[in-house]
Amino acid sequence: MQTGAARFDFPGFKVLTFLCLFILYAPLLVVTVYSFNDSRSITTWGGFSLRWYVDVFTGPDSAKFQSAAFNSFSIALIAATVATAIATSAALAMVRGGRFKLRTATFGLISLPILVPEIVTAVAMLIFFNAIGFTRGYTSILIAHIAFCIPFAYLPISARMQGIEGVYEQAAMDLYAGRAQAFRRVLLPMMMPGIISGFLLAFIISLDDFIITNFVKGAGIETLPTAIFGSVKQGLRPNIMAISTMLLVFSTVIVTLSWLVSRIDRTK
Amino acid sequence: MTKQRPIAIDIQKVVKRFGDFTALKEVSVSIGDNEFFTLLGPSGCGKTTLLRMIAGFEDVTAGAIFLYDQEIAKLPPNKRPINTVFQNYALFPTMSVLENVGFGLEMQGKSRAEARRQAGEMLELVQLSQFAHRKPSQLSGGQQQRVALARALAPKPRVLLLDEPLSALDMKLRKSMQLELKHIQRETGITFIFVTHDQEEALTMSDRIAVMSAGEVQQLGTARDIYENPRNMFVADFIGDTNLLEVSVDKIENGRATCHLGGGHELTCDPVAGVDTGARVHLSVRPERLFLSSEPEEVESLRGRVVENIFIGTDITTILDLGVGPQFRVRASNSDRGNLRVFEPGQNVFVNMERGAARLLVD
Ligand SMILES: Nc1ncnc2c1ncn2[C@@H]1O[C@H](COP(=O)(O)OP(=O)(O)O)[C@@H](O)[C@H]1O
Ligand SMILES: [Mg+2]
């Protein structure tokens, strides 16, 4: 992506680039700026204030948002942890398996859900929970999140594993390590940047999810995105902008962290 | 191998199949205690497969492998007192050089401090003490190679396996590592099983060599033995430089075989088992075992015409046309100045061979 700018130096390219960036970031900028607005209005500027941030934590909606935030963060933490563990095992099996025949197929199968339209996954999961008579609530959200987080956790891990051949595990076993020791002392440290990166990515994907959550959550339970959506339906209040801004900052930090960790090259 | 020397690794009729492809066909080799043993053969002949079976990374399809009289085919790799220097070293990238070398010792149950201490000694042996705290990626190829060697030697294995450990090094480093490896093998007294596709390397380093091709051992013997008495076409051609002549065996009597190679050429040589009267076989003659003269000077000589002289510093190779068969090469050492006679292209000369220079091959 960061190819030399000179190569794209045809007329109009710069304008186009700025237009794209503007469309992408202007709304975010507006939300962020207006979250600090002292006015009740969401369109006219009434001076700088943190009142809407205070409102989020102490205002009339605070109880609702706090429980939604608790649900969101606890689900994201558990889902990302479980999904990362499963993705790590899958990546490990790929390393141990060497070049087995279905390697590419297996890789595709694990990654494919990313390309499936989310609405389709959401409907499928809803049908699934109904079919097995599963009561919708916290647990159904959690299960759904674990499922769709797996491919996101798997991608950075498997990218890390490209250079890790079975020979490292063999070398460890050649030097008297058992399978468990070979994994803990040799493979795991090599996989670690990928695992952390995968975990962070899964965490943010879970935290951010709306469509699937909305389908499988059932009545009486909210996550941050569904709570925000619910609030907005009753009229746009500036406290939503404050929550959105906090989510935005948090996501940006996590994604940046994930990217930074994935760049650490422990095979070099 | 002397008769009293115990056998370190005994490979008995070992077969290896991958699906319906047979990578090794009933290989039997006994490797002596303290021996520098080399598996030599072209790429794809099954050397790595055999080594991996000794290390425990591949199942044995049929046959048995013994380590000092103990059958090991069923032991997992971490239970075999055998270590490997891997072809691409497989150094653990997240560990320092010292941790890499100490890894095996720690896994054997030694304390971390003791492992570090012994690893430090090992690094001294390979002269890498000053790099102990670097990561493997911060070392040159040659240094990484020595770390891999130190790591495999540190736990004091009974047998060390080396899979083309020098193939990634440049020529000069390679030559010095060959000598260093040989030296370390003598110093430590550990049995080395060394894999290479480079015949010169094998000849330089080995006590004994097993020449392999297509999953079979073609010949097993000392470097000298294999060079001077190649058993078949493959070995003669693969080891060193040679002239291969197609001949018919006319008669075998009084311990000499008389052969003719067409064009009126006839010569006698030692008979070998498996080649009978009337057989059409190949004869191998090493170029350096021949010399040229204007009159026949040995009992065995062939007539030929000089095509070209090639000067390569240490030697002069003369290419001749015998009037039959492919071009024939004769090599004279440049150090042999007093006796060296260089004939001009077009001159008719005699190619003289000492007794024993020509060797019949079983095809
Ligand atoms: N895991 C495997 N599956 C299938 N064929 C293999 C496998 N490992 C090796 N082979 C085949 O066995 C033959 C010998 O391989 P190898 O032992 O690596 O040869 P070398 O080390 O002498 O170059 C080759 O033809 C190779 O393709
Ligand atoms: Mg090989």
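Per residue, how much accessible surface does the protein assembly as shown expose to a 1.4 Å probe? Answer in Å², no decimals.
49 Å²
At most 15 other Cβ atoms within 10 Å and a DSSP loop assignment: could you name the trypsin sites (Lys or Arg not before Pro) in region B:71-180 that fit?
Counting only loop positions with at most 15 other Cβ atoms within 10 Å, the trypsin sites (Lys or Arg not before Pro) in region B:71-180 are B:Lys74, B:Arg134, B:Arg158.
Can you give me the Cα centroid spacing of region B:63-126 and region B:166-234 in angstrom?
For region B:63-126 versus region B:166-234, the Cα centre distance is 23 Å.
Ignoring ligands, DNA and RNA, please state the percent of accessible area on chain A from carbon and sulfur, probe 1.4 Å.
Carbon-and-sulfur percentage of accessible area, whole number: 71.
Could you tell me which residue out of B:Ser129, A:Thr135, B:Leu267 lies farthest along the dipole of the protein assembly as shown toward its positive end? Charges go on the beta carbon: Lys and Arg +1, Asp and Glu -1, centred on the Cα centre.
Value computed over the given set: A:Thr135.
When you look at the Cβ of every residue in B:87-95, what mean number of other chain Cβ atoms sits within 10 Å?
Partner-chain Cβ atoms within 10 Å, mean over residues of B:87-95: 6.
For chain B, give the magnitude of the charge dipole about the Cα centre (Cβ charges: +1 Lys/Arg, -1 Asp/Glu; no others), in debye to the nearest 20.
Taking the Cα centre of chain B as origin, the dipole is about 1480 debye.
So what is the 222 nm mean residue ellipticity for chain A from helices alone, if each DSSP H run of at least 4 adds -39500 (n - 2.57) and you divide by all residues, rounding to the nearest 500 deg cm²/dmol?
Estimated from H runs of four or more residues: -23000 deg cm²/dmol.
So which chymotrypsin sites (Phe, Trp or Tyr not before Pro) in region A:26-128 end up in coil per DSSP with only 14 or fewer other C-beta atoms within 10 Å?
A:Trp45, A:Phe100
Can you classify region B:241-361 as rounded, prolate or oblate using the Cα gyration tensor, where a ≥ b ≥ c are the square roots of its eigenvalues, rounded means a/c under 1.5, and otherwise it's prolate if a/b beats b/c and oblate if not?
Cα axes put region B:241-361 in the prolate bin.
Given the rule -39500 (n - 2.57) for each run of at least 4 DSSP H residues, summed and divided by the residues of chain B, what is its mean residue ellipticity at 222 nm, to the nearest 500 deg cm²/dmol?
Helices in chain B give a 222 nm mean residue ellipticity of -7000 deg cm²/dmol.
Going by the alpha-carbon gyration tensor, a ≥ b ≥ c the square roots of its eigenvalues, is region B:135-193 rounded (a/c under 1.5) or, if a/c is not under 1.5, prolate (a/b greater than b/c) versus oblate?
oblate
Have a look at region A:162-200 and report residues whose accessible surface goes down by 30 Å² or more when the remaining protein chains are included, against the chain on its own, probe 1.4 Å, ligands and DNA/RNA excluded.
Checking the loss per residue gives A:Val167, A:Tyr168, A:Gln170, A:Ala171, A:Met173, A:Asp174, A:Leu175, A:Tyr176, A:Arg185, A:Val186.
Just going by the charge dipole of region B:7-233, with Lys and Arg at +1 and Asp and Glu at -1 on Cβ, which of B:Leu153, B:Gln108, B:Val27 is farthest out on the positive end?
Final value for the positive-end residue is B:Gln108.
Work out the FRET efficiency for A:Phe128 and B:Lys79 from their Cβ-Cβ distance, taking R0 = 51 Å, and round it to the nearest 0.05.
0.65
A:Gln66 to A:Arg184: FRET efficiency via 1/(1 + (r/R0)^6), r the Cβ-Cβ distance, R0 35 Å, to the nearest 0.05?
Between A:Gln66 and A:Arg184 the formula returns 0.35.
For region B:285-363, which GluC sites (Glu not before Pro) are in a loop by DSSP, counting at most 14 other Cβ atoms within 10 Å?
B:Glu297, B:Glu354
Restricting the count to DSSP beta bridges whose residues both fall in chain B, what percent are antiparallel, rounded to a multiple of 5?
Just about 75 percent of them are antiparallel.
Quick check: pseudo-label points 7 Å beyond the Cα along Cα→Cβ at A:Thr252 and B:Asp225, how many nm apart are they?
Rounded to a tenth, the inter-label distance reads 7.7 nm.
According to the square roots a ≥ b ≥ c of the eigenvalues of the Cα gyration tensor, what is the shape class of region B:42-201, taking rounded for a/c under 1.5, prolate for a/b larger than b/c otherwise, and oblate for the remainder?
Oblate is the answer for region B:42-201, as a/c is 1.5 or above yet b/c matches or exceeds a/b.
Gap in Å between the Cα centre of region B:283-306 and the Cα centre of region A:159-174?
56 Å
Would you mind working out the magnitude of the charge dipole of region B:241-361 relative to its Cα centre, with +1 at each Lys and Arg C-beta and -1 at each Asp and Glu C-beta, to the nearest 20 Debye?
My answer is approximately 120 debye.
The values are calculated or read from the model by the stated rules, or taken from the named source; none is laboratory data. This is a predicted model, so every value here is computed, not measured. Note that each Cβ is placed from the backbone with ideal geometry, even for glycine, and that neighbours are counted across all protein chains shown. The area values use the complete protein model at the heavy-atom level, side chains included, leaving out ligands, DNA and RNA. Shrake-Rupley method; radii C 1.70, N 1.55, O 1.52, S 1.80 Å.
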